[in-house]
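The values are calculated or read from the model by the stated rules, or taken from the named source; none is laboratory data. For clarity, every value in this text was computed on a predicted model and none was experimentally measured. Cβ coordinates were reconstructed from backbone atoms using ideal geometry, including for glycine residues, and neighbour counts include every protein chain displayed.
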Amino acid sequence: MKQIVILGSTGSIGRSTLDVVSVFPDKFSVLGLTAGSNTELLLSQIKKFSPKFVAVPQQGSYEILKKELTGQKIELLCGVDGINAVAALSEADVVISAIVGSAGLLPTLSAIKAGKTVGIANKETLVMAGDIVMSEAKRSGSVLIPVDSEHSAVFQCLGNYEKRSVQKLVLTASGGPFAGRGKNELEKVTPEDALKHPNWSMGRKISIDSATLMNKGLEVIEAHHLFGFPAEKVDVLIHSQSIIHSMVEFVDGTFIAQLSRPDMKAPIAYALSYPDRLESVIPKMDWETLQSLTFRKPDMETFPCLGLAYDALRDGGTMPAVLNAANEVAVQAFLDRGIGFMEIPVIIKKVMDAHAVKPASDLDGIIEADAWARKNAAKEIKS
Ligand code: NAD
Ligand code: MG
């Protein structure tokens, strides 16, 4: 029986993880849950899965939970320190890192420093501090198993191949809800339009990132850190059916691709059960009804966020953290109707242009760059 901790259990990935766990009660038990502000859902998850440890960031939700859980044998913790403690529990076999955004950095690092097997969905952690995360994992012996579908695909395709046999990683992208549209059409799109993803049902932030193609940009940086390839060896292809989740091109001209229906339960289950595979996690592919698999280059002019992410990766140091923070602020402003969709990349670029890159050798420097970028992005939004 594997003991599972889920960081961000009330989110899209967190809920899908609990769906998988509930189908295999003989294989997994829930040791710890952490969540942000959805206390009601967290309470119902606690009732159903009886975790021994629960942590929330805010005092308000902590007080509500304390009252509701009086007399129960649950250790309830509060604040970032509480979440970090649940992330590092000695009894945990697998920690699923599914907090959204930069709030996931410290808890994920806490699990990694404790040498845990970490199913990593929180890509922002790798974008901000990939070098530090990977070297801490090396030091502690922590095993990182990607949950992001593209990286799970690459991980599975790479298998035990030597790095020198690999020509390129090819990350596929659905293209999001606005694929094929021109710049002019995108000026007036609303958050509701942008949240309607054609193939995947996801949290709000990543849904907007998918619409701008920033999600794919963050994934290029994520792939660089997880698999150790430079920017020019990580390509992106638009594949609107989301059946091929990514592929690896080898030096001999052959490719290995990973295919399935688009359902996050597949990579989540793989991370939970690795190196085994669980039975019938998602419905079988219906090959006969599949009309075609299509591929084309991304339109980097209409969707500049992808190019900005490549630039940040090439600049290195603190620039990816700046890209990430400016993006988080701009996406929130778009969701709050403070800026238009096409202003998202404009704001990120302005913040990146104003940033003097420093080496990303310590966490303090990264947190400082993150705070600097947030402040500057907010200033750009106001002006
Ligand atoms: P979501 O918004 O649905 O859920 C986020 C979770 O984090 C929630 O449980 C929320 O309560 C918690 N949270 C938010 N702010 C917090 C804070 N300050 N402190 C503690 N907890 C906090 O997001 P999601 O779509 O599940 O995505 C989670 C992560 O996984 C993101 O990094 C995303 O890029 C990545 N990811 C998601 C998908 C997907 O299909 N949803 C696919 C690939 C990767
Ligand atoms: Mg993905």
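Criterion applied to LEU186, LEU218 was being away from ligand 1 (no atom under 16 Å from the Cβ), buried (at least 18 other Cβ atoms within 10 Å of the Cβ) and farther than 24 Å from THR254 by Cβ, and the one residue passing it is LEU186. Among the residues of region 187-200, those identified as of a type outside the set (Lys, Arg) and away from ligand 2 (no atom under 13 Å from the Cβ) are GLU187, VAL189, THR190, PRO191, GLU192, ASP193, ALA194, LEU195, PRO198. Of all the criteria given as (1) within 12 Å of ligand 1 (Cβ to nearest atom); (2) in contact with a Leu (Cβ under 8 Å, 6 or more places away or on another chain), the one not satisfied by ILE206 is (2). Counting only strands (runs of 3 or more DSSP E) that sit wholly inside region 229-286, those with at least 3 residues that are within 15 Å of GLN156 (Cβ to Cβ) are 244-250, 255-259. Count of region 72-121 residues, restricted to those that are modelled with pLDDT under 95 and more than 9 Å from ligand 1 (Cβ to nearest atom), is 2.
Conditions (1) more than 15 Å from ligand 2 (Cβ to nearest atom); (2) among the basic types (Lys, Arg), marked per residue:
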residue	(1), (2)
LEU126	no, no
GLY130	yes, no
SER135	yes, no
PRO146	no, no
GLU150	no, no
VAL154	no, no
GLY159	yes, no
LYS168	yes, yes
GLY175	no, no
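The residues listed here are GLN156, GLN167; of these, the one that is within 22 Å of SER16 (Cα to Cα), at pLDDT 95 or above and more than 12 Å from ligand 1 (Cβ to nearest atom) is GLN156.
Would you check if there is a residue in region 244-255 being of a type in the set (D, E, K, R) and more than 15 Å from ligand 1 (Cβ to nearest atom)? Yes, region 244-255 contains at least one residue that is of a type in the set (D, E, K, R) and more than 15 Å from ligand 1 (Cβ to nearest atom). Of all residues in region 100-145, those that are in contact with a helix residue (DSSP H, G or I) (Cβ under 6 Å, 6 or more places away or on another chain) and within 22 Å of ASP19 (Cα to Cα) total 10. Taking the conditions (1) within 18 Å of LEU213 (Cβ to Cβ); (2) outside any loop (DSSP other than H, G, I, E, B) in turn, GLY175 satisfies each one other than (2). Of everything listed in (1) part of a loop (DSSP other than H, G, I, E, B); (2) closer than 18 Å to ALA92 by Cα, the single unmet condition for GLY36 is (2). SER142 - would you say it is within 16 Å of ligand 1 (Cβ to nearest atom) and either farther than 21 Å from VAL118 by Cβ or at pLDDT 95 or above (or both)? Taking the combined requirement at face value, the residue does not satisfy it.
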